[in-house]
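*Asks:* To start, I am sharing the structure in question, which I have written as structure tokens.
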Amino acid sequence: MNENTLTDHTRKYPRKITLSDGRDVEIKLMTGEHTDLMLAFARSLPEEDLLFLRVDITEPDVVADWVEKLDRGFMTSIVALDGENLVAYATIQRDPTRWTRRVGEIRVNVAPSLRRLGLGRNLIAQVFDLARSLGLKKLMANMTLDQRAAQAAFRRLGFTPEAVLADFVEDRSAQLRDLVIMTYDVDGLSADAGEPLRVD
């Protein structure tokens, strides 16, 4: 992202946060300088985690496309650094088309060794603030039906299941899986919004 396009909110980076185990990690806006660190992070993830990623971020071309979207303003991403290692990221992807330009999709991933320490929740809270500074009205998170822990985490943050799409995605092992779409209304539901879907 070009320095001239940064909002006042994103100028708060870099910043440090303290995890529940006492360690400090640094949060930065993601740029092309983080390409190699992102690839190393992705390739360190267990295969089970990689199965559920929308795109294969272990591939250099995929991360290069990610960086291009950052530069063009279609995505805003923050990364967490533990020393020299990238250990987590959170991102908002936006669609420039008129109908959905106020909707952002959230993606979050944390290294297994740093889960349950408050890092993921902290990153999502920062993403919420970024979403407001970008003028977004609705946030969306997509995951497979069998990602129960992820669904529970987003429920705790106030996300509501909106739809389940059968056999909608194919994982890295070519297995079809149901997709759950969860949303969060930044300013509250509109008067004509439908009843939330229950996914038990």
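*Asks:* Counting other beta carbons within 10 Å of each Cβ, put Tyr13, Tyr89 in order, fewest first. Don't jump to the answer; show the numbers that get you there.
*Replies:* Working: Tyr13 16, Tyr89 23.
Lowest to highest Cβ neighbour count: Tyr13, Tyr89.
*Asks:* With n ≥ 4 as the cut-off for DSSP H runs, can you work out [θ] at 222 nm for the chain, using -39500 (n - 2.57) per run divided by the number of residues, rounded to the nearest 500?
*Replies:* After summing the helix terms and dividing by residue count, I get -7500 deg cm²/dmol.
*Asks:* Give me, ordered by chain and number, the residues 5 or more places off Phe168 or on other chains with an amide H under 5 Å from its own placed amide H.
*Replies:* Residues meeting the amide H criterion: Arg177, Asp178, Leu179.
*Asks:* If I model a spin label at Ser113 and Glu26 as a point 7 Å from the Cα along the Cα→Cβ vector, what separation in nanometres do I get?
*Replies:* 1.8
Here, each number is a calculation from the coordinates, and none is a lab measurement. Since this is a predicted model, take the numbers as computed values, not measurements. We place every Cβ from the backbone using ideal geometry, glycine too, and count neighbours over all the protein chains shown.
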